[in-house]
Amino acid sequence: MLILVTGAAGMLGSALIPAFVRAGHQVVATDIDLRDAHPWGAFGPALGHLDVRDRAEVAAAFQTVDPDLVLHLAAETSLEVCDADPDHGYLTNTIGTKYVALAARAHGCPMTYISTAGVFDGTKTGAYTEFDRPNPLNVYGDSKHEGEILVERLVPQHYVIRAGWMVGGGAKKDHKFVSRIVDQIRGGATQVFAVTDKLGTPTYAPDFSRCLLGLIGSGMTGLYHMACGGEGSRYDVAAEILRILGRHDIELVPVTSEHFADEFPSVRPPSEIMRNMVLDLQGMNTMRPWRQALAEYLHTEFADLVRVSAVA
Ligand SMILES: NC(=O)c1ccc[n+]([C@@H]2O[C@H](COP(=O)([O-])OP(=O)(O)OC[C@H]3O[C@@H](n4cnc5c(N)ncnc54)[C@H](OP(=O)(O)O)[C@@H]3O)[C@@H](O)[C@H]2O)c1
């Protein structure tokens, strides 16, 4: 297939582009961030410019590429930025998605939209499934949920895929939780603080890419959860990082979200735990347990930090 990808230079794109190229697809990768024109090294396409907030640019990209599928990854993923500037959040995540969806519809092109566990309010006991009702708590969650609704309404052949806490991107692209912990370790921290009151499901970008390839290959369109197996708090993830790296000398301090209230003022759902129920029911859930995926990530991308004494 000829595939147009938006937001390709981010954490997910860094795994997804090589996976789709390796699978034999022709990929046109775009982003607003062109600082690194070859984020995948020699392997994969050069990055082209596409700002999804620009309706004319989106339409022109579809006209030029005439894709068989669009993978829409572009988003403003910072909750704090979205809450501080809702116009920017909704313009990027909702209106930008509308432009891509309208262009996809005009070209009879199937569309894949990546959404988030952050569409839920986090009050449920147990894992969220595709049959639970979204109730976002912040601008990011709401703008992504509105994007879901538009894609479902506008594009007949759609895959709306909710990911959990993204794990991926390596030293260059990772700007989420794992890199925050890794950066502190690299900086010589003797203490690391992590919250026990936020639960979720890490989602390893290479596993996500592999599972998505299988799903798209099947043609089974619809709404899906696609997170790694299991669940945990941010504290659990940090503890696992330290264990995998063999850093038993670093003290992990359990705190509540109050501790980070100044740095991360946005309201976050207490639980973003997801189960891939529809993939399970369709026999298509290839996502591994998160601890296994996290070990692979750290050993692959941060091998220099793994102590020889660490247990694999
Ligand atoms: N990260 C997570 O934990 C997470 C969890 C669940 C779902 N998701 C979803 O997964 C998708 C991929 O996210 P990711 O984790 O790869 O995040 P990411 O690393 O922030 O990547 C998003 C990419 O989109 C780009 N972008 C932002 N505004 C754009 C615009 N107007 N036009 C074109 N590109 C634009 C970003 O560029 P800049 O860096 O320059 O802004 C970035 O390169 C997103 O739809 C996100 O909502 C992410």
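Residues are listed down the side, and each one gets a yes or a no for (1) away from the ligand (no atom under 13 Å from the Cβ); (2) under 16 Å from the mean Cα position of the chain (by Cα); (3) in contact (Cβ under 8 Å) with a residue 24 or more places away in the chain:
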| position | (1), (2), (3) |
| --- | --- |
| Y90 | no, no, yes |
| F131 | yes, no, yes |
| I149 | yes, no, no |
| I161 | no, yes, yes |
Discussion item. So, Y113, is that one touching a residue at least 60 places away in the same chain (Cβ under 8 Å), among the hydroxyl-bearing types (S, T, Y) and within 11 Å of the ligand (Cβ to nearest atom) or not?
Written reply: no
Discussion item. Restricting to segment 228-268, give me the number of residues that are touching a strand residue (DSSP E or B) at 6+ places or on another chain (Cβ under 9 Å), part of a loop (DSSP other than H, G, I, E, B) and closer than 22 Å to G164 by Cα.
Written reply: 4
Worksheet item: How many residues does segment 25-44 contain that are modelled with pLDDT of 95 or more and away from the ligand (no atom under 13 Å from the Cβ)?
Response: 4
Worksheet item: Taking K198, is it within 12 Å of the ligand (Cβ to nearest atom) and not β-branched (V, I, T)?
Response: no
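Taking segment 194-222 as the region of interest, how many residues are assigned to a strand (DSSP E or B), touching a Phe, Trp or Tyr at 6+ places or on another chain (Cβ under 9 Å) and hydrophobic (A, V, I, L, M, F, W, C)?
Here is the first cut: in segment 194-222, the residues assigned to a strand (DSSP E or B) are 194-195, 199-200, 202-204, 222.
Next, from what is left, pick out any that are touching a Phe, Trp or Tyr at 6+ places or on another chain (Cβ under 9 Å): 194-195, 200, 202-204, 222.
From the residues that got through so far, the ones that are hydrophobic (A, V, I, L, M, F, W, C) too are 194-195.
Of the residues in segment 194-222, 2 are assigned to a strand (DSSP E or B), touching a Phe, Trp or Tyr at 6+ places or on another chain (Cβ under 9 Å) and hydrophobic (A, V, I, L, M, F, W, C).
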Worksheet, complete the sentence: When every residue in segment 164-187 that is hydrophobic (A, V, I, L, M, F, W, C) and out of contact with any strand residue (DSSP E or B) (no Cβ under 9 Å at 6 or more places or on another chain) is compared, the one nearest to the ligand (Cβ to nearest atom) is A171
Practice prompt. Can you tell me which residue within segment 45-80, out of those that are of a type in the set (A, V, I, L, M) and in a loop (DSSP other than H, G, I, E, B), is farthest from the ligand (Cβ to nearest atom)?
Written response: A46
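Tell me whether segment 212-224 contains one or more residues that are under 22 Å from the mean Cα position of the chain (by Cα), without any contact (Cβ under 8 Å) to a residue 24 or more places away in the chain, closer than 26 Å to V21 by Cα and in the same structural domain as P110 (by TED's automatic domain parsing).
yes
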Worksheet item: Can we say D83 is away from the ligand (no atom under 14 Å from the Cβ), out of contact with any His (no Cβ under 6 Å at 6 or more places or on another chain) and not in a helix (DSSP H, G or I)?
Response: no
Practice prompt. Please work out if V28 is assigned to a strand (DSSP E or B), assigned by TED's automatic domain parsing to the domain that holds V58 and surrounded by fewer than 24 Cβ atoms within 10 Å (Cβ to Cβ).
Written response: yes
Worksheet entry | Close pairs from segment 39-65: first within 13 Å of V100 (Cβ to Cβ) and of a type in the set (G, A, S), partner modelled with pLDDT of 95 or more and in a loop (DSSP other than H, G, I, E, B), Cβ under 7 Å, at least 6 apart | A61/L50
Worksheet item: Right, L245: outside the structural domain of C82 (by TED's automatic domain parsing), among the aliphatic types (A, V, I, L, M), within 21 Å of R210 (Cβ to Cβ) and touching a helix residue (DSSP H, G or I) at 6+ places or on another chain (Cβ under 8 Å) or not?
Response: no
Discussion item. Condition check: assigned by TED's automatic domain parsing to the domain that holds I181, in contact with a Ser or Thr (Cβ under 8 Å, 6 or more places away or on another chain) and surrounded by 17 or more Cβ atoms within 10 Å (Cβ to Cβ). Does V255 satisfy that?
Written reply: no
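The values are calculated or read from the model by the stated rules, or taken from the named source; none is laboratory data. All values reported here derive from a predicted model rather than from experimental measurement. Here Cβ is always computed from backbone atoms with ideal geometry, including for glycine, and neighbour counts include all displayed protein chains.
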